[in-house]
Structure formats: C-alpha cells, structure tokens
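The values are calculated or read from the model by the stated rules, or taken from the named source; none is laboratory data. Just so we're clear, the structure is a prediction, and the values are computed from it rather than from any experiment. Please note: Cβ atoms are built from the backbone with ideal geometry, for glycine as well, and neighbour counts cover all protein chains shown.
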Amino acid sequence: MARVWMFGENVDTDQILPGRYAPYMTSEADLVKYPFIEARPEFAREVRRGDIIVAGKNFGCGSSREYAPRALYAVGIAAIIAPSFARIFYRNGITLGLPLFEADLTGVLRDGQEVELDLDAPAIRAEGRTYPLPPPPAWLREVWAEGGLIAYYLKHRRLPLEEGAR
C-alpha cells in the first residue's frame, strides 16, 4: 500500500527542495533529508518508499533544478499525479524514470489515505474504487523499467523510440 501526500497547485522546485539544500551545497546522500523541508517538514521523516504525490496543476514549476525531482526519486516516491507539470520538471522526471501521470485526483483522494498504485494498468485503487491513469507510451514504460533514461541507454546503447519511429 502507498500513502498519498497531497499538495496544491503551483508547487515549485524551491518548495520541493530549497536551493540551499542542493547536493552541491550539502551532498548527494543528503537529498533524502530535505524534500519539502519548509513546506511540509514532516515529509522527509515520514515518507515511505512507494508513496505517491497527488497535486494540483503546474507541479514542479519555477527553476529548472534537476535535484528537486531527484530528491523525490531518492526518497522512493513511486509516482506523482497532477493535472499538469512544468515542462522541465516533467522532462527531468522522464530522465530519472520517475512515473508522472497527468490526471486530477485532488478531489477524490485525501492526504494520508492508503491506496494501491498499479503501474501496469495504470490506476489507483482506493476504498473499493479504481481511478484509471493515462497509459504511458511503451517507450516510457521501458525507461521506467530500467530505472531512468541514462540506465536505459547504458543497457541498450540507444535511446528508446516510439513504435514505428526511425
């Protein structure tokens, strides 16, 4: 089971991981200590591997800090679900292999609620209901399975392509 962490709209990368906690200011190993350190101080202490973030529109806006999604990946966030993502945050999520779904579940799920995330379906199951998520393309599933774009490239020595692309 995964726990839901609810966030509002326009969550920016400075809320996710303030610049003073960047790995070049602290260390790569310390990334797990600081996600949402000011916005939700309990997050880093209480988040469990496999938990999910459900947020409002424009998640990850602001600067292009690649270490913000890296910190969420490092603490084990299994997926982030929001109606929309900032473009650079979304791209960084793909690079990391962090599942991001464009869907609005803010009105149906609650902060702290226990749910089941099914990445194969994909869907969220909660209290006897199933909430479908938009199915990712096959190439993106391959990237997730390998643990990110770099891991995919190192294993296959090529970048994933849409079926039929050249």
- When restricted to Pro132, Pro136, the only residue modelled with pLDDT of 95 or more, under 24 Å from Ala151 (Cα atoms) and out of contact with any Gly (no Cβ under 6 Å at 6 or more places or on another chain) is Pro136
- Message: Out of the residues in region 1-56 meeting the condition of being polar (S, T, N, Q) and out of contact with any Cys (no Cβ under 7 Å at 6 or more places or on another chain), tell me which one is surrounded by the most Cβ atoms within 10 Å (Cβ to Cβ).
- Response: Thr13
- Go through the residues of region 121-133 one by one and say whether even a single one is over 19 Å from the mean Cα position of the chain (by Cα) and either basic (Lys, Arg) or within 14 Å of Ile80 (Cα to Cα) (or both). yes
- Task: Scan region 49-62 and report the pairs whose first residue is in the same structural domain as Asp118 (by TED's automatic domain parsing) and within 18 Å of Pro18 (Cβ to Cβ) and whose second residue is among the acidic types (Asp, Glu) and surrounded by fewer than 18 Cβ atoms within 10 Å (Cβ to Cβ), with Cβ atoms within less than 6 Å and a gap of 6+ or a chain change.
- Result: Cys61/Asp12; Gly62/Asp12; Gly62/Asp14
- Query: Residues Leu140, Leu159: which one is part of a loop (DSSP other than H, G, I, E, B), surrounded by fewer than 19 Cβ atoms within 10 Å (Cβ to Cβ) and of a type in the set (A, V, I, L, M, F, W, C)?
  - Reply: Leu159
